[in-house]
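Working notes for the structure below.
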Amino acid sequence: MSARLGVPLVVLAVAAAWALLARDLPVKGPEGPGPAFVPLLLTGVLALLGLGLLASGLKRGGLGPAGRGPGWLAAVLVIGLLAVYTAAVARVGFLLVTPVYVALAAWQCGARSPRTIGATAVGLTLAVWLLLVRLFRVPLP
């Protein structure tokens, strides 16, 4: 099986496992969203991304070679960066740490345009903050 089909299937499997883990948590709490709300929201996003990757892989021929991606070292570095981000966000704050994390992760995954990296980092940070804090009233550090 090629990475064009394997990666989307793994993403979908992770989404399904995450949904199973969150299924017993209450979706609604006494004052708004319950503990399962964000995990289930992220599960839906992950499932949609997996389906998009699957459709893209099937459209491009499915079982052909996947091409050259960032590689395993880049993946390990991004996961390590995520561990540092997780530790730093509680101490420094979401709005300060997240754009740095997104910019470094984008660079590590092959983005090289400073304008694109900066716009993505700031835009994604603000979009997630507005969605969680303003719309869903989920407090962030």
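The values are calculated or read from the model by the stated rules, or taken from the named source; none is laboratory data. Quantities reported herein were computed from a predicted structural model and do not represent experimental measurements. Reconstructed Cβ throughout: ideal geometry from the backbone, glycine too, with neighbour counts over all protein chains shown.
One residue stands out in the range 77-99 among those that are aliphatic (A, V, I, L, M) and within 15 Å of the chain's Cα centre (by Cα): the one that is nearest to residue 133 (Cα to Cα), namely 82. Can you spot a residue in the range 3-15 that is modelled with pLDDT of 80 or more and among the small types (Gly, Ala, Ser)? Yes, the range 3-15 contains at least one residue that is modelled with pLDDT of 80 or more and among the small types (Gly, Ala, Ser). If the condition is being of a type in the set (A, V, I, L, M, F, W, C), under 16 Å from the mean Cα position of the chain (by Cα) and surrounded by 14 or more Cβ atoms within 10 Å (Cβ to Cβ), then the range 118-141 contributes 121, 122, 124, 128, 129, 132. Among the residues of the range 52-60, are any modelled with pLDDT under 75 and surrounded by 11 or more Cβ atoms within 10 Å (Cβ to Cβ)? Yes: one or more hits.
Matching residues to (1) touching a Ser or Thr at 6+ places or on another chain (Cβ under 9 Å); (2) within 16 Å of residue 138 (Cα to Cα):
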| site | (1), (2) |
| --- | --- |
| 7 | no, no |
| 12 | no, no |
| 15 | yes, no |
| 24 | no, no |
| 27 | no, yes |
| 38 | no, yes |
| 42 | no, yes |
| 48 | no, no |
| 52 | no, no |
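Scanning the range 92-117 for residues that are surrounded by fewer than 13 Cβ atoms within 10 Å (Cβ to Cβ) and either in contact (Cβ under 8 Å) with a residue 12 or more places away in the chain or among the small types (Gly, Ala, Ser) (or both) turns up 93, 110, 113.
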